[in-house]
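Since the structure comes first, as structure tokens, the remarks are kept for the end.
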Amino acid sequence: MADTQTQTAATGVHEDGSADRLAIDTIRTLSMDAVQAANSGHPGTPMALAPVGQTLWTKFLRYDPTTPDWPNRDRFVLSVGHASMLLYSLIHLAGIEEIDAEGNKTGKPALSLHDLEQFRQLDSKTPGHPEYRHTTGVETTTGPLGQGCGNSVGMAIAERWLAAKFNQPNFTLFDHDVYSLCGDGDMMEGVTAEAASVAGHLKLSNLCWIYDSNHISIEGNTALAFDEDVGARFVAYGWNVIHVDDANDTAALSAALETFKATTDKPTFIVVHSVIGYGSPKAGSEKAHGEPLGVENVRLTKQAYGWPEDKQFYVPEGVAERFKASMMDRAGPLRQEWEAKVVEYRAVHPELANMLDSMLSDSLPDGWDADIPVFEADAKGVASRDSSGKVLNAIAPKLPWLLGGSADLSPSTKTDIKGAPSFEADNYGGTNFHFGVREHGMGAIVNGMTLSHLRGYGSTFLVFCDYMRAPIRLSAIMEVGSVWVFTHDSIGVGEDARPISRSSISRRSARSRGSIRSVRATRTKSPPRGARWSRMRATRLRWCSRARRCRRSTAANMRALMASRRAPMSSTATRTPRSS
């Protein structure tokens with residue numbers, strides 16, 4: 001009887017007492033409790049955005065919790081990674097099933113209630129910021145603000161390329177959308193502006209950013225440093241901008257998302273006005289942002305919600321079941337239909353199906369390196385960027401999902417695929433990318449492409465790697481194998497000389513996880529003293545330099561580079577469908 005009374009009291013909370021509102025307050029209280037138990041974290045944003053997360057996941061997101069590596073699932077990126085308890089609560093309520101690094105089900109939930117109780121604890125599956133490979137349901141590692149926004153652009157680009165490459169009459173294999181939840185901090189970071197500009201230029205109508213405009217940062221009200229009209233900025237970028245005046249107005253939010261779904265010529269930017277720490281004594285204050293509410297404030301907030309004050313990590317009966325069912329009812333049939341369509345596709349388009357299998361399983365096709373040229377020993381040698389470009393062009397025809405470009409420097413870095421079209425708004429099947437003078441945005445976008453099974457690369461002069469050190473580091477941490485091509489690390493490059501001090505900095509920025517390899521075409525002398533090579537597991541920084549000397553040939557380095565990538569967690573190939 002006591003449990004029945006508790007549930008009734010919890011159900012009758014807030015404006016309408018609906019099942020949706022009960023789920024929203026479950027997310028809010030789980031987030032508060034987890035941060036309070038850890039005595040560390042960010043409770044305010046999950047509390048404010050719980051209606052956004054619940055509405056998006058239960059009514060729009062095409063995501064089958066039983067098959068979290070379905071290639072045509074919608075992507076959800078929490079760019080505001082500090083609000084990780086929002087994502088963890090959603091994963092738990094959705095009942096997402098855990099898969100291991102090989103794509104096999106473990107029979108465990110991705111996040112149990114116990115996992116939420118271990119928030120921010122050593123070796124838990126709920127670290128302070130979401131980490132790719134660590135927690136099933138996390139699409140990318142987010143923490144440095146703006147990176148998730150850039151990743152989402154890369155994911156949207158990948159969907160457009162996959163659709164252009166593999167969709168055939170009567171066979172639509174790729175048509176998913178990408179959502180990113182971002183905040184004021186994201187909007188202040190320059191990488192977000194770079195990525196948004198690219199997305200608008202490319203008219204990525206499958207991309208939706210939901211901007212939590214709460215006007216609060218760690219130091220206080222954002223008016224201290226940030227008072228621009230962000231919506232107007234995105235209109236200038238070529239986005240469709242929609243305002244939702246109250247984050248609790250789920251009907252208005254649903255209408256905005258419906259508008260996004262109906263928009264076909266530009267990305268969508270939904271500005272959601274929220275109150276950080278909603279319902280708490282610290283609501284609207286920076287005190288609700290980066291620290292626990294405090295035991296008494298948690299009690300008072302639950303009282304305001306009509307929640308049982310003496311319960312921690314409380315999920316009322318039926319909430320999780322309804323949450324998962326709402327996702328399954330929408331996405332389950334779509335996933336099953338997709339798997340059946342792939343079986344038909346394999347019979348009608350066997351070559352494309354084999355290519356798709358190889359790409360989704362992150363394997364290299366037979367003979368991918370058969371045409372790599374051999375550069376004979378030569379006292380004069382060949383400029384490393386020239387030999388690098390020749391090797392790249394020898395591989396590209398055998399590896400169609402190897403694609404990328406430069407930050408407006410491809411004539412110098414030699415990274416154009418010869419004879420291949422450009423990826424543009426009127427040709428999503430293009431191979432050569434033009435990122436413009438946007439090194440930081442390029443890095444984040446390439447990571448998003450690579451997280452979606454493409455083999456993305458980005459290039460610039462080595463001196464500019466400082467502008468993109470965050471995505472380089474993250475690609476190494478995530479072990480996704482994004483390829484970075486850096487050239488011109490020398491004082492001997494004529495009138496456009498650059499400093500040569502970047503090499504050691506580049507090694508330090510990613511030393512723990514990948515390797516830096518030179519790609520000089522011919523063997524000469526050993527490296528000068530101090531030019532050490534560190535082994536890393538995934539990301540390869542291709543360091544092209546006439547002034548440096550290396551021990552490997554271009555061909556050997558490229559083979560090692562391409563073969564070393566660790567498969568993404570979302571590695572479901574087009575194999576025989578698994579039962580749910």
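Name the residue, out of ALA383, ALA407, ALA379, ALA331, that is modelled with pLDDT of 95 or more and either touching a Ser or Thr at 6+ places or on another chain (Cβ under 8 Å) or more than 30 Å from LYS59 (Cα to Cα) (or both).
Going through ALA383, ALA407, ALA379, ALA331 in turn, just one is modelled with pLDDT of 95 or more and either touching a Ser or Thr at 6+ places or on another chain (Cβ under 8 Å) or more than 30 Å from LYS59 (Cα to Cα) (or both): ALA407.
Have a look at ASP362, ASP426, ASP366 and point out the one that is at pLDDT below 95, open to solvent by 30 Å² or more (accessible area, probe 1.4 Å) and out of contact with any Pro (no Cβ under 7 Å at 6 or more places or on another chain).
That would be ASP366, the only listed residue that is at pLDDT below 95, open to solvent by 30 Å² or more (accessible area, probe 1.4 Å) and out of contact with any Pro (no Cβ under 7 Å at 6 or more places or on another chain).
Okay, residues lined up against (1) open to solvent by 20 Å² or more (accessible area, probe 1.4 Å); (2) within 23 Å of the chain's Cα centre (by Cα); (3) aliphatic (A, V, I, L, M):
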position	(1), (2), (3)
ALA225	yes, no, yes
HIS243	yes, no, no
ASP246	yes, no, no
THR250	yes, no, no
PHE260	no, yes, no
SER280	no, no, no
GLY284	yes, no, no
GLU296	yes, no, no
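Confirm whether ARG322 is touching a residue at least 24 places away in the same chain (Cβ under 8 Å), open to solvent by 60 Å² or more (accessible area, probe 1.4 Å) and within 19 Å of LYS59 (Cα to Cα).
Yes: the conditions hold for ARG322.
Checking the structure you have, find out if any residue of segment 330-340 is outside any loop (DSSP other than H, G, I, E, B), closer than 30 Å to THR415 by Cβ and among the small types (Gly, Ala, Ser).
Checked against the condition, which is being outside any loop (DSSP other than H, G, I, E, B), closer than 30 Å to THR415 by Cβ and among the small types (Gly, Ala, Ser), segment 330-340 yields no hits at all.
Can you find even one residue in segment 329-341 that is in contact with a helix residue (DSSP H, G or I) (Cβ under 9 Å, 6 or more places away or on another chain), buried (at least 16 other Cβ atoms within 10 Å of the Cβ) and over 30 Å from GLU228 (Cα atoms)?
Yes, the conditions are met somewhere in segment 329-341.
Considering only segment 320-354, state which residues are basic (Lys, Arg) and in contact with a Phe, Trp or Tyr (Cβ under 8 Å, 6 or more places away or on another chain).
ARG335, LYS341, listed by residue number.
Inspect all residues belonging to segment 479-489 and state whether any of them is assigned to a strand (DSSP E or B) and of a type in the set (Gly, Ala, Ser).
No, there is no match, as no residue in segment 479-489 is assigned to a strand (DSSP E or B) and of a type in the set (Gly, Ala, Ser).
Could you please find all residues in segment 220-266 being in contact with a helix residue (DSSP H, G or I) (Cβ under 7 Å, 6 or more places away or on another chain), under 17 Å from ASP186 (Cα atoms) and not in a helix (DSSP H, G or I)?
Once the filter is applied, which keeps residues that are in contact with a helix residue (DSSP H, G or I) (Cβ under 7 Å, 6 or more places away or on another chain), under 17 Å from ASP186 (Cα atoms) and not in a helix (DSSP H, G or I), segment 220-266 yields GLY220, PHE226, TRP239, VAL241.
Can you go through TRP161, TRP209 and tell me which one is in a strand (DSSP E or B), of a type in the set (Phe, Trp, Tyr) and at pLDDT 95 or above?
Every option except TRP209 fails the conditions.
Among the residues of segment 298-316, count how many are over 29 Å from THR222 (Cβ atoms), open to solvent by less than 10 Å² (accessible area, probe 1.4 Å) and not in a loop (DSSP other than H, G, I, E, B).
Adding up the residues that qualify gives 0.
I'm trying to understand the selection: among the residues of segment 238-256, which are under 18 Å from GLY183 (Cβ atoms) and touching a residue at least 24 places away in the same chain (Cβ under 8 Å)?
Result: TRP239, VAL241, ILE242, HIS243, VAL244, ASP245, ASP246, ALA247, ASN248, LEU253.
This table checks each residue for (1) more than 17 Å from the chain's Cα centre (by Cα); (2) open to solvent by 10 Å² or more (accessible area, probe 1.4 Å).
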residue: VAL153; (1), (2): no, no
residue: PHE166; (1), (2): yes, no
residue: ASP175; (1), (2): yes, yes
residue: LEU204; (1), (2): no, no
residue: ILE210; (1), (2): no, no
residue: ASN214; (1), (2): yes, yes
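The values are calculated or read from the model by the stated rules, or taken from the named source; none is laboratory data. Source: prediction; values computed, not measured. Neighbour counts are summed over all protein chains in view; Cβ atoms, including those assigned to glycine, are modelled from backbone coordinates with ideal geometry. Accessible surface is based on the protein model in full, side chains and every heavy atom, while ligands, DNA and RNA are left aside. Shrake-Rupley method; radii C 1.70, N 1.55, O 1.52, S 1.80 Å.
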